[in-house]
Each structure stands twice: as C-alpha cells, then as structure tokens.
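Reading through the structure tokens given below for one structure.
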Amino acid sequence: MKVTTPAFKEKATEAMRDPILQKALGNVERGFVAKRKKGAASLPEFEELRDAARDLKIHVLKHLDLYLEAYERKVIASGGKVHWAESAEDARRIVTDICKRLGAKTVTKGKSMITEEIALNDHLEAEGIRPVETDLGEYIIQLRGEHPSHIIAPAVHLTKEQVASDFRRVHDHLAPDRDLTEPTTLLSEARTVLRREFQVADVGITGANFLIAETGTSVIVTNEGNGDLTQTLPKAHVVLASIEKIVPTLEDVDTLMRVLARSATGQEMSVYTTFSTGPRRSDDPDGPGEYHVVLLDNGRSSMLGTEFEDMLRCIRCGACMNHCPVYQQIGGHAYGWVYPGPMGSVLTPTLVGIEKTGHLPNASTLCGRCESVCPMRIPLPRMMRAWRAREWEKALNPGTQRFGLKLWAFLAKRPALYRLAARAGRWGLGWLAGGRGRIARLPLGGGWTRHRDMPAPQGATFMDRWAAGERPSRPTPSQTEAQS
Amino acid sequence: MTASPSPRRPTVALFVTCLVDAMRPTIGFAAVKLLEDAGCEVVVPPGQTCCGQPAFNSGDTADAAALAKQVIAEFEPYDFLVAPSGSCAGQIAKHYPELFAEGDPWRARAESLAAKSHELVSFLVEQMGVSSTGARFDGAVTYHDSCSGLRELGVQAQPRKLLAAIEGLTLTEMKDPDVCCGFGGTFAVKYSDLSGAIVEKKVGTIEETGAATVLAGDLGCLMNMAGRLTRNGSKVEVRHVAEVLAGMADGPAIGRGEGE
C-alpha cells in the first residue's frame, strides 16, 4: 500500500469538509466511546486486569525468541507448519507459493490487518488468485476498492446508505427493489453472496489475535463467524500473524481477552472466539487439510530494546483511535497508511520510515486520552515524543519550525534577554490589539488566527510588575481567620 | 490565630509560567494570593523563563534539558514549586527526570525537584488542606479539565471541590469536560485546521451548558477556547480557575478589553 502520509494535512482538511464522512464518524464517538466506558465500568477488576495484561506482554517481549520457538515446536507437533517471514515480501511469497501449489483460484479471507500491511490482495490478484474478504466491513471496502479506515471497524467511515448503493451496484443479479435500508438487511445480503464464496474457496487466510506457545494454537475473535467458515472449509488454512502476537499459555489468552473486547466494543467477549490447532485430524468431522502459520517480523524485532518496544504490547483493540480527538475529526484514511490513530502514529514510522511519516507523531495534541484507555497501558504520547526527537536529531522538521524554536530556546536560556523579549512581545501584541481584548489577524501567526482570535496581553508582564513591588490585595483579617 | 503550635510556613516558589507572565499576570497574582491565604510564604525566583515544554514536545531534548537545568537550579532551594498550570507542573514533576540519564547528577536533582512540584489548585487542596478560599462569584460556570493536569497529575476533583465552596457560584458540567480543547502547544499552529475543528467542538459543548463563564487551569487551553469563543461572537467569558478562587475575577475576561 502506497504511503500517502506526506499529504496528511490536505487529506485531513478534506476529511473535515466531507459531510458524509463526518456523519459516519459520529458513530465512533457516540458508539465506541460510550460502549467502552460501560464495558470497563461493568468489571470491578478491570484496572487490575489492565496491569496484569501489560505485565504479561512485557514478560513475553523479554523472552520473545523462546516463546516463538516453543510455539513452533507445538505447531509442528500438531501437524501444522510454521513459516518465518522476515519481510513483507517473504510473507507474500510464502502465501502465494502455498496457494499455487494447491492450484487455488479463490481465497477467502478473515479480517487481518497484517494482510493489509503486506498488501496481500494486490499480490494474489497479480498471480491470478481471487481474494474474497468475508468480514462484512472488509467485504464492503473491497467492493469499493478502498482500504480499512479503522483496525477493527474497517468501513466505519461509510454510512449505511453508501453501503446500500454499493450493494445495488455490485450485486446486480438481485432484485432491484429489495429493501436495503437496515444494517440487518445489508448483512443478510452479504451473507448470501459470501456463502457461495466459502463453498468454492481453495485456501482460507486469517489473521490471529493470539498465538499460544503452550499449545501451538492460533486464536481469532470475530462477531460474524466469517472467520470460522474461512478457516474450516478450504483445503488449507493459512494464518498470517506478526511475531508479537505470542502468549505463553491458554490462561494468558483469558487475561487478554477480558480486556480486548471490553476496550474495543464494550462487549464482554466477541461473539465468536475460535481456537485452531493444526489441520484436520483423521477423526475430525471437518477442518482444513493443511494448517500453515506465517510469522511476520517486518521490522518489529528492531523495536525490541528501544524506546518503541512498548508498542509491541498492542492487541489491536482500536480504543486509542476511538478516543482520539484527531481521529474523531478525520477518520483513518488521512493518516495515509494501514494503521491509523495513535497506535499507527507510533507503529507506522517504524514500519515504513519516519522520513515519509513525520506528520503522524506530530499531528497530536499529546492529550493522553489514548494512553488512559489503552488496555495494555502503552505510553503512546511518550513514544510520539520519541519519534519527534528522532526527527529533530535527523533535522527532518521544516527549517522555519526549527529556526523559530531555536530562537525561542536561545532567549529562554537567557532570563535577562528573555525579559526584554517578553516586554517587546507584549508591546507588539498590545499595539496590534489596539485597545481591544484580542487580535483577529496575527502577522506570521496565521496558523493561530485562521480559526481563532489571539487574546491580547493584559499589559506589563507579571515579572515586571512583581519586580516593581506590586502584590495582590491582602485578604481581610476575618477571611484569614476563617481559613486558619 | 489559635494557640496550637503551627508548623513553619512552607516557602513556595511560584513558577509563573511564560504564558501567564506575558499574557495574563492576574493569574500570577491570584496564585500568590491563594498561596499566601493558605499559609505559604511565596517567593518568585527571578531567573525563571519557561519550563521547556515547547522544546520537549518538539523533540529538541537538548534545549529541553538545558531549560530544565535552569529551572532546577533556580527552584531547588525552596520547599515547593507551584505553577498555575497543569502542563508546566506536569513537565517539571513528570518529565524532567526523563531528560537525564541514570547516574547523571542532574537526574537526582530533577527527581528531587519533581517530588516537590505541584499544580496550584491540587497543591492548595492536597498539601495545604484548603477546603474553601472564601471568595464569592455570582453566576454559573463550567469547568474544562486541561489534559496534562488531568492525566499526568490527577487534577480533577480538587478544582471542583474549591469551586463548590464559592458562594454564589453554580458549576454546570459540559459534555466530556475531560476531552482535549485542541490546543496542544505548537499543534494549534502546525495543524491549524485540525485544532480549529477540535476547539469548535469544545466551545459547542461549553455553549450547551448555558454557563456564562468557562474556567480551566491552563492558560494555553484558555487562550485557545477564548479565541474561538470571541471569534464566534459568543458571550461566554473565559477565565483561569485561580482568578475565581482568589476573588480576582472582576477585570475583563481573557480576550476581552475593558467594557467588551
């Protein structure tokens, strides 16, 4: 997927001016935020669970190599195969090789952000293999030729009217006067269409929410059950997962699941939770004939031991973006790559380079709401700052910005000179205000005054007034008495 | 005064903040009054400029560390550092130690200053046990939780507690008082359109309360909200919470001239 982050500002402004997108984004704020709040409040030990979940992943990341090797042994023991993919290209090649060997023409897919990350669909199509997204949201955006705008709700940027119109356009074999006004009618139409795809699919590809080292099991959580049909019916089930999805035991999955759905959708748990261990055994009534796990690194191991290691705790619940005041304004596409919102602002620069993605860690007020709701307590603002520091070291920020900041720092480090500058500044602003309490247009400060007035300074600076002996009026003796 | 033995009056060094210094000295004087009324000796160290947040948040850690050293040296002799700002106090109390490596002597000095640095209103309530400031304010107000004070320092209940004790004042909560106003320091200028959209949403929730005044504890956020409210032609007045708590809310509000 092409990185369009350099055009972040333009895309963000475009998004804010798009009334249909703005209508759709209302659902993020009204829906997800309220549901997460209710979900968290319903569990008295939720905060302790967050601590436990964080500590669990910290432990795993310290011993990632050991757990991955243990996991591989268990997968092999259960009849599956593990493929190690250092890069996106490796992962694509491994998957297309499996598909070609099985003569696959149609591949069904469960929702997987990793397959977005490696642009798998484009590559399958180039090999003459037809990928069919089976998650409703993913199916919709595939019909539209778009990319997900949210990691758990890929089509959250669309209204149901838009979806209805796409269905009428694509499903032209169905009765034109059918009712498509309700989400349920849309869902049942997609279900009908997808049922045939499940039956003809040769390979089913899913992601994984967790990989369990103790048992060699991959776990997916869904609300539609599409993942189960994707992985059970075809000749082969291919799991694409990044290396940090590993957890030691079944018990640990329980800990993470208890915070995952509550943080994501406010549900106690998702409707379907599916554990897959190996291919079909001789006495199993169904299941895939082959079971493959592609373990993707794609730059993640380079985060270990750096200030970005904490990012690898992420369990992809989407709470950070749901609660982000910036995401709520612009949705996911403006961020310009696969992962939007605060988690993407930290992760994307690692995966595709800070040179192209400098906007991401900067387009944040650092309000910290993301960290306050993150089930894994990932210090997202701290890591956005860390990216800003890397940018500063490499001198990647605009020259005017650097010059302005250096000039300000030069003065701030010299208090006497700073006083003079503060005096000059407040005089200048006072002159511009011309006796009014504010300035409507600030020369060189259009960034501020484009959307708001600049309040005028009150008069002389505090430090000057204090130095001149001014003090606040003293309280009356009776007030002092009352407070002592 | 009562006959009970009173402990030594703590010496509080006021960290004025660069914005209060240049834009709204009333907040500084209100802070001094509140601290003195609470029984503190207040000093204003003359060598102070800025806490260094603009550098820190821009990734310029060298300048951030240089400014931190300046603040540490200037403020470490006193019992407490208090700032009428959650973000400046948060910078000092939470981020200064991060600027120095383990083993660097400045790290220990930063940690020592961090441990005695506080945001004004939470300091009054938690350290000085103030439950009422004895001021009066007539009218309905709404209170915005500035992000750094809220999430880095836990400033949320303290200002509400002191506001509840103000005679004549009613607090009407806005929807989502804990959601960012869109200021974010240089973000407001670098991502002007985004910041403008976020603050527009914020002032909408302020207007919905019907309160005549909005209060907060950080001048950056206040200037952002005030600037948008006046741009929209709103009648809502914007003030720092300390002005109301100190009974010094009689002058023009932020962004208003005399008689505006």
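The values are calculated or read from the model by the stated rules, or taken from the named source; none is laboratory data. Computed from a prediction, not measured in an experiment: that's the story for all the values here. No Cβ is skipped: glycine too gets one built from the backbone with ideal geometry, and neighbour counts run over all protein chains shown. Calculation scope for accessible area: heavy atoms of the full protein, side chains included, ligands and nucleic acids excluded. Shrake-Rupley method; radii C 1.70, N 1.55, O 1.52, S 1.80 Å.
Tabulated results
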| read-out | value |
| --- | --- |
| Any hit, the range A:179-196, residues being in contact with a strand residue (DSSP E or B) (Cβ under 8 Å, 6 or more places away or on another chain) and either crowded, with 17+ Cβ neighbours inside 10 Å or under 24 Å from A:Glu117 (Cα atoms) (or both) | yes |
| Residues of the range A:334-350 that turn out to be out of contact with any Phe, Trp or Tyr (no Cβ under 8 Å at 6 or more places or on another chain) and either in a loop (DSSP other than H, G, I, E, B) or within 12 Å of chain B (Cβ to nearest Cβ) (or both), as a count | 3 |
| Matching residues in the range A:445-457 - criterion: being within 36 Å of the chain's Cα centre (by Cα), within 7 Å of chain B (Cβ to nearest Cβ) and surrounded by 17 or more Cβ atoms within 10 Å (Cβ to Cβ) | A:Gly447, A:Trp448, A:His451, A:Arg452, A:Asp453, A:Met454 |
| Residues located in the range A:354-363, provided they are closer than 25 Å to B:Cys88 by Cβ and either of a type in the set (A, V, I, L, M, F, W, C) or under 14 Å from the mean Cα position of the chain (by Cα) (or both) | A:Pro361, A:Ala363 |
| Residues (under 11 Å from the mean Cα position of the chain (by Cα) and of a type in the set (Val, Ile, Thr)) located in the range B:108-162 | B:Val121, B:Val155 |
| Some residue of the range A:303-314 being crowded, with 21+ Cβ neighbours inside 10 Å, more than 10 Å from the chain's Cα centre (by Cα) and over 20 Å from A:Lys62 (Cβ atoms) | no |
| Single unsatisfied condition, B:Val44 versus (1) crowded, with 24+ Cβ neighbours inside 10 Å; (2) touching a Phe, Trp or Tyr at 6+ places or on another chain (Cβ under 7 Å); (3) facing another protein chain (nearest Cβ under 9 Å) | (1) |
| Criterion violated by A:Gly353 - all others in (1) touching a helix residue (DSSP H, G or I) at 6+ places or on another chain (Cβ under 8 Å); (2) more than 9 Å from every other protein chain (Cβ to nearest Cβ); (3) open to solvent by less than 40 Å² (accessible area, probe 1.4 Å) satisfied | (1) |
| Qualifying residue in the range B:21-32 (condition: away from every other protein chain (no Cβ under 11 Å), touching a residue at least 60 places away in the same chain (Cβ under 8 Å) and within 29 Å of A:Glu470 (Cα to Cα)) | no |
| A:Ala52 being in contact (Cβ under 8 Å) with a residue 12 or more places away in the chain and exposed (fewer than 14 other Cβ atoms within 10 Å of the Cβ) | no |
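The rows are residues; the columns are (1) of a type in the set (A, V, I, L, M, F, W, C); (2) under 21 Å from the mean Cα position of the chain (by Cα); (3) open to solvent by 20 Å² or more (accessible area, probe 1.4 Å).
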| site | (1), (2), (3) |
| --- | --- |
| A:Trp84 | yes, no, yes |
| A:Ala91 | yes, no, no |
| A:Thr96 | no, no, no |
| A:Ala104 | yes, no, no |
| A:Ile114 | yes, yes, no |
